[in-house]
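The values are calculated or read from the model by the stated rules, or taken from the named source; none is laboratory data. These figures come from a predicted structure and were not determined experimentally. As a convention, Cβ positions derive from the backbone with ideal geometry for all residues, glycine included, and neighbour counts pool all protein chains shown. Surface areas here come from the heavy atoms of the whole protein model, side chains and all, with no ligands, DNA or RNA. Shrake-Rupley method; radii C 1.70, N 1.55, O 1.52, S 1.80 Å.
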Amino acid sequence: DGQWSTIGGGDGMECLIDPYEPNIIYSGWQFGNMLRSMNNGISATRIFRFVSGTFAWIAPLVIDPIDSKTIYTASDRVYKSTNRGDNTSTISPVLTNGSIRTLRVAETDTDIIFASDGENIFKTSDGGNNWQTLPNPGFQAFITDIALHPNDPNRLWICFGGYGRWNMGFAWLNLPYE
């Protein structure tokens with residue numbers, strides 16, 4: 001109807017719309033505070049209420065690409081909810097002394113998840129049971145985002161003040177801005 005309304009408060013951070021049920025909306029504000037609306041924003045409920053750890057100013061929030069009832073967030077560890085944030089499981093140990101700032105779930109295999117604290121990239125291939133820190137080929141800048149190839153989750157694009165690609169052979173290609 002052309003009307004705007006406010007959901008949440010504070011400094012607005014992540015906002016997501018469920019791709020299969022567009023009346024379900026997620027919003028967040030600083031340090032991992034998040035809400036879910038089931039009715040197009042008329043009312044909202046706090047989610048991920050019982051998680052802990054060190055949250056980034058903008059904590060990641062990701063909808064599972066296969067099952068939109070499953071969502072993820074992260075502090076210094078990664079959390080998963082299979083019921084839109086009401087209940088939460090911790091699916092990683094503490095991965096960093098800082099905060100996870102970027103989180104990506106593979107479209108073709110949701111057991112493959114990548115996370116980054118800006119300096120390191122962490123990966124699980126089994127839904128969070130085991131995590132590895134991928135070797136850093138000498139990044140000198142802060143990693144701001146990760147994108148995964150839609151058909152090959154072993155191909156990553158990493159943004160950090162420039163553009164580049166890191167493949168799982170751990171070879172780094174510098175792709176200059178054009």
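Some points to look at:
- Trypsin sites (Lys or Arg not before Pro) restricted to DSSP loop in the stretch 26-64 with at most 13 other C-beta within 10 Å: R49
- Karplus-based coupling profile of the stretch 103-116, in residue order and whole Hz: 9, 9, 10, 5, 5, 8, 7, 6, 6, 9, 10, 10, 9, 9, with θ = phi - 60° in 6.51 cos²θ - 1.76 cosθ + 1.60 and x standing for Gly or Pro.
- For the stretch 70-138, a simple Cβ point-charge model (Lys and Arg +1, Asp and Glu -1, everything else neutral) yields a dipole of about 120 debye relative to the Cα centre.
- Averaging the Cα positions of each part gives two centres, and for the stretch 70-108 and the stretch 132-160 these lie 17 Å apart.
- Accessible area in square angstrom per residue, the chain, 1.4 angstrom probe: 53
- The relative contact order of the stretch 63-131 comes to 23 percent, based on Cα pairs under 8 Å that sit 6 or more residues apart.
- Short-range pairs are left out: with C-alpha atoms under 8 Å and at least six residues apart, the relative contact order of the chain is 11 percent.
- Rg/Rh for the chain (Cα atoms only, Rh after Kirkwood) is 0.98.
- The chain - percent of accessible surface contributed by carbon and sulfur, probe 1.4 Å: 48
- With at most 15 other Cβ atoms within 10 Å, longest stretch of the chain clear of loop chymotrypsin sites (Phe, Trp or Tyr not before Pro) (DSSP): 58-141
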